[in-house]
Amino acid sequence: MTVWINYIGDISAKFTFGAAAIYPSQDERFVVVNPPQGQQALIDLIMKYFEQHPFDKKEDRYYASFYRRSVDTPISGEIPLTHWWDQSPTGPDEHYLDITDYRISSFASFHNVNIKGLRGIMRFWFSNSYNLTCEKNQNSIVDITPNGTQDPTCD
C-alpha cells in the first residue's frame, strides 16, 4: 500500500507499506512497487519474478527495464501523456512524460547468442539510486553466468 501526499513543489511525500512486487507493463517495461534496498536484493527480486513468470526464450536475447513506481510510472504501465506545462515553447511537442529518472535496472538474457562470452549470460545494468560503484565492481553491471556464478555487487 502506498499513501501519496502530493503538493506542487518540494513538499511532496510518499509513505509505502508492504512487500516488494513487480508488475508487468508494456513493451518489456516492468514497474517495481516498494523496491528493495541494495543491488543484490533487486537482482534476487527480478530473478524470483522471472522464475515465476518465465520469458519467451525463442529469441536470441531478451531485454527488459524496471522502473520504480511513481505517479509517472503507474502499475497499469501506461506512461502518462504530457501536459501543456511539460512542453517546450521552442522545441517539438513531447507526447509522453520522460520516465528515465525512475529506471532502476535494465536486464538482458543472452540465451541463444553466438557471441563468445555472452551465451547464457544474464546481465543487469543499474540506474539512478542503484547505480553504485565500488572497488569490486566499478561499472555497476552484474553478470550471472550459466553455472550460477555472479559478479559482485556494491551493497
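With each label point set 7 Å from Cα along the Cα-Cβ vector, what nm distance links A19 and D143?
3.3 nm
Calculate, in nm to one decimal, what N128 and Q26 gain on full extension: separation in residues at 0.36 nm each, minus their alpha carbon distance.
34.6 nm
Quote to one decimal, in nm, the extra length available between V33 and L118 on full extension: 0.36 nm per residue of separation minus the C-alpha distance between them.
Once the chain is fully extended between V33 and L118, it gains 27.6 nm.
Residues with beta-carbon under 13 Å from that of H111, excluding H111: net charge, scoring Lys, Arg +1 and Asp, Glu -1?
Net local charge, H111 excluded: +2.
If we count every other residue with Cβ under 11 angstrom of T145's Cβ, Lys/Arg +1 and Asp/Glu -1, where does the sum land?
0
By the scheme Lys and Arg +1, Asp and Glu -1, what is the net charge of all other residues having a beta-carbon under 12 Å from that of C134?
Charge balance near C134 sits at -2.
Throughout, read-outs are computed from the coordinates displayed, never taken from laboratory work. Just so we're clear, the structure is a prediction, and the values are computed from it rather than from any experiment. All Cβ positions, glycine included, derive from the backbone under ideal geometry; neighbour counts span all protein chains shown.
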